[in-house]
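Undergrad: Questions regarding the structure given below will be posed in turn.
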């Protein structure tokens, strides 16, 4: 059984538009830096910024200069579908690191990302830089019939993306890139497509005929990764379905080219 501890509510001081709620819903990625919690949501254009220590409402940082409709169906069709958020260590032009937010890549309008510079204390520094994920997505659309990136972590010099399967195609995978090659390609307007250094396909198990599929991940200090998976009863990457169960598990490097799933805590609904 998984025991939950509520850290705080994701309330915000001002909504993105008059008809949007005063909280961040559909949160899909989280990074904790110092005393700040950063959150992306799959139906927003913004990064949520929240205090870890104070219960005061958070604020939104706009990542994309477009407008989404308030209608739920229209919003779902047009959203950038931000699903992954990870902390990037210091690198060229980002001396204190950055946050990397990525879309799922499941549809043409979901292939954008953003790079947000951080200050020495882990706070947002300057405007975000919008990214075109095309150089990374080209080879992935060739490797997967249905692409759906749900998580991203950086371990050493590797950027690892978590591909989420579904009931129709349970093609879960951990996709590895050189993080520096990936960052250079994502920031370039003229980059050729780059290929992953490895694609590790993983069977996460089933419950009542529904496969467990990746929903997010984070890296531990020793290089292992903790990931979440859900058994959602749907056969594609677009339509939502009822969730039959969810789990939290550990993935560790079995060899230089494969991963081992070490343990799982699962809960059924």
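The values are calculated or read from the model by the stated rules, or taken from the named source; none is laboratory data. If you're wondering where the values come from, they're calculated on a predicted model, not measured in any experiment. Counting neighbours? That spans all protein chains shown, and the Cβs are built from the backbone with ideal geometry, glycine included.
Undergrad: I need the full set of residues from the stretch 143-156 which are out of contact with any helix residue (DSSP H, G or I) (no Cβ under 7 Å at 6 or more places or on another chain), modelled with pLDDT of 95 or more and either closer than 20 Å to residue 109 by Cβ or in a strand (DSSP E or B) (or both), in order please.
TA: Those that are out of contact with any helix residue (DSSP H, G or I) (no Cβ under 7 Å at 6 or more places or on another chain), modelled with pLDDT of 95 or more and either closer than 20 Å to residue 109 by Cβ or in a strand (DSSP E or B) (or both): 144, 148, 149, 150, 151, 152, 153, 155.
Undergrad: May I pose another question? Please indicate, with yes or no, whether at least one residue in the stretch 145-153 is over 15 Å from the mean Cα position of the chain (by Cα), in contact (Cβ under 8 Å) with a residue 12 or more places away in the chain and surrounded by fewer than 16 Cβ atoms within 10 Å (Cβ to Cβ).
TA: Taking the stretch 145-153 first, the residues over 15 Å from the mean Cα position of the chain (by Cα) are 145-146.
Checking the rest, the ones that are also in contact (Cβ under 8 Å) with a residue 12 or more places away in the chain come to 145-146.
Now narrow it down to the ones that are surrounded by fewer than 16 Cβ atoms within 10 Å (Cβ to Cβ): 145.
Looking for residues that are over 15 Å from the mean Cα position of the chain (by Cα), in contact (Cβ under 8 Å) with a residue 12 or more places away in the chain and surrounded by fewer than 16 Cβ atoms within 10 Å (Cβ to Cβ), one finds at least one in the stretch 145-153, hence yes.
Undergrad: Please identify the pairs in which a residue from the stretch 193-217 that is over 12 Å from residue 165 (Cα atoms) has its Cβ atom under 8 Å from the Cβ atom of a residue that is modelled with pLDDT of 95 or more and assigned to a loop (DSSP other than H, G, I, E, B), counting only partners at least 6 apart or on another chain.
TA: none
Undergrad: Residues that are at pLDDT below 95, at negative phi and exposed (fewer than 15 other Cβ atoms within 10 Å of the Cβ): which strands (runs of 3 or more DSSP E) entirely in the stretch 157-269 hold 3 or more of them?
TA: Details: elements: 158-163, 173-178, 198-201, 213-219, 225-232, 243-255, 258-268.
In the stretch 157-269, 243-255, 258-268 are the strands (runs of 3 or more DSSP E) which contain 3 or more residues that are at pLDDT below 95, at negative phi and exposed (fewer than 15 other Cβ atoms within 10 Å of the Cβ).
Undergrad: Hey, another quick one. State whether the residues of the stretch 102-112 include one that is modelled with pLDDT of 95 or more, within 19 Å of residue 187 (Cα to Cα), under 14 Å from the mean Cα position of the chain (by Cα) and surrounded by fewer than 22 Cβ atoms within 10 Å (Cβ to Cβ).
TA: yes
Undergrad: Moving to a separate point now. Which is out of contact with any strand residue (DSSP E or B) (no Cβ under 7 Å at 6 or more places or on another chain) and either free of Cβ contacts under 8 Å to residues at least 60 places away in the same chain or more than 17 Å from residue 80 (Cβ to Cβ) (or both), of 122, 126, 105, 168? Break it down into steps so the answer makes sense when it comes.
TA: On the way: 122 fails: out of contact with any strand residue (DSSP E or B) (no Cβ under 7 Å at 6 or more places or on another chain); 126 fails: out of contact with any strand residue (DSSP E or B) (no Cβ under 7 Å at 6 or more places or on another chain); 105 fails: out of contact with any strand residue (DSSP E or B) (no Cβ under 7 Å at 6 or more places or on another chain).
When all the criteria are applied, what remains is 168.
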